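Chemist: What follows is a single structure, and I will ask about it in a moment.
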Amino acid sequence: MKICIVKLSAMGDIIHAMVVLQFIKKKLPNCTIDWVVEKSFSAVLENNPHVDNILTVNLKSIKKNKSKFFEQFKILNNYGKKNYDVVIDAQGLLKSAIVSNIVGGRVVGSKVVGFDKDSIRESISSWFYNQKVYIPYEKNVIERNVKLFSTALEIDITKEDILRKEPFLYTSKKIEKQYNIIFVVGASKLNKIYPKEKFLELAQRLDSKVVVVWGNEEEHRTAQWLNTQSELIEIAPKGSINDLIGIISHSKLVIGGDTGPTHMAWALNTPSITIFGNTPEYRNTYITSVNKVIKSDSYVNPLKLNKNDFSIKEIKAKDIYEIAKELLIG
């Protein structure tokens, strides 16, 4: 069976879908799995033994230059010549549905599978699938992915499978240093970022070496400020996604908001605490014995996130510390 997965972005969303790969390969050992992804996120999939081919696109370039549409269409059309048996749109957006249809719509009898109109925000996307899967949008993202893939491929993936998963991010970097605690101080939205002053208080309570990872200049400035405030806090060197995987895989605990690097810890079975404010903790991660969450008191409607909800700022550093203490002892 030739399978193609379409999950274009972003880092955390790709990771949440990648968890199924190891189980697909166990259940269907002779299958091939290709993955269509935005080039800027392709490194998350690199070195993964369960992905046979990473098929990159740059659809974001079309926003800046409309003429790029024809270039990207040609790329996708060439991918479609691989004649897949099943194409699975794990994104559920109009653009990913169109991509899935271009890549998988040419072979008679092939399946293009995605969520039905009642399971996604952009309901028009479901028009492009010939097999549609229902699971409420507000359900846990891991459970949604499991339902989609197990239905499309007619295999069984259980909750126990997910809880017993093997780490599924890989790096070509040789990491010799053992890191202690990692702070993830940034996120894609301001109201998903925990205050730097409370990160400092948390570091002081932990009284242990902390390394701050960063991905842009604003996050770097936060890391520098924290570094000047405490000798316990170090700044990670600027690196690639490959480097980040290596750092997180060699750490004892990762603490950060609802963002890609924190979700990496979950993928690597590294102990973690994910801090939630305006996004739903019950939906956006999968709690395990070593992966915990802490949520503000605000109500979250996953169908309509409140842009003015900055309740993440209200979470007390001492409450995060109590969870961290248990994880570090355990």
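Chemist: Just for strands (runs of 3 or more DSSP E) wholly inside the range 9-107: which have at least 3 residues that are within 19 Å of the chain's Cα centre (by Cα)?
Modeler: The qualifying strands (runs of 3 or more DSSP E) are 32-38, 53-57.
Chemist: On to the next question. Please state which of the following conditions Gly114 fails to meet, knowing it meets all the rest: (1) within 19 Å of the chain's Cα centre (by Cα); (2) under 16 Å from Ile5 (Cβ atoms); (3) in a helix (DSSP H, G or I).
Modeler: Only one criterion is unmet by Gly114, namely (3).
Chemist: What are the residues in the range 177-235 that are hydroxyl-bearing (Ser, Thr, Tyr) and either touching a strand residue (DSSP E or B) at 6+ places or on another chain (Cβ under 6 Å) or touching a residue at least 12 places away in the same chain (Cβ under 8 Å) (or both), if any?
Modeler: Correct list: Tyr179, Ser188, Tyr194, Ser208, Thr222, Ser230.
Chemist: Taking the range 223-273 only, how many residues are among the aromatic types (Phe, Trp, Tyr) and more than 23 Å from the chain's Cα centre (by Cα)?
Modeler: Qualifying residue count, the range 223-273: 1.
Chemist: Can you tell me which residue in the range 176-197 is surrounded by the most Cβ atoms within 10 Å (Cβ to Cβ), limited to those that are farther than 14 Å from Gly277 by Cα and of a type in the set (D, E, K, R)?
Modeler: Checked the range 176-197; the qualifying residue surrounded by the most Cβ atoms within 10 Å (Cβ to Cβ) is Lys196.
Chemist: Any residue at all in the range 203-217 that's within 20 Å of Ile320 (Cα to Cα), surrounded by 15 or more Cβ atoms within 10 Å (Cβ to Cβ) and of a type in the set (Phe, Trp, Tyr)?
Modeler: The answer is no, given that none of the residues of the range 203-217 is within 20 Å of Ile320 (Cα to Cα), surrounded by 15 or more Cβ atoms within 10 Å (Cβ to Cβ) and of a type in the set (Phe, Trp, Tyr).
Chemist: Can you tell me which residue among Lys304, Lys292 is of a type outside the set (Val, Ile, Thr), closer than 20 Å to Ala10 by Cα and assigned by TED's automatic domain parsing to the domain that holds Lys196?
Modeler: Criteria check complete, one pass: Lys304.
The values are calculated or read from the model by the stated rules, or taken from the named source; none is laboratory data. Predicted model, so just to flag it, every value in this text is computed and none were measured. For neighbour counting, all protein chains shown are included, and Cβ atoms are generated from backbone atoms with ideal geometry for every residue, glycine included.
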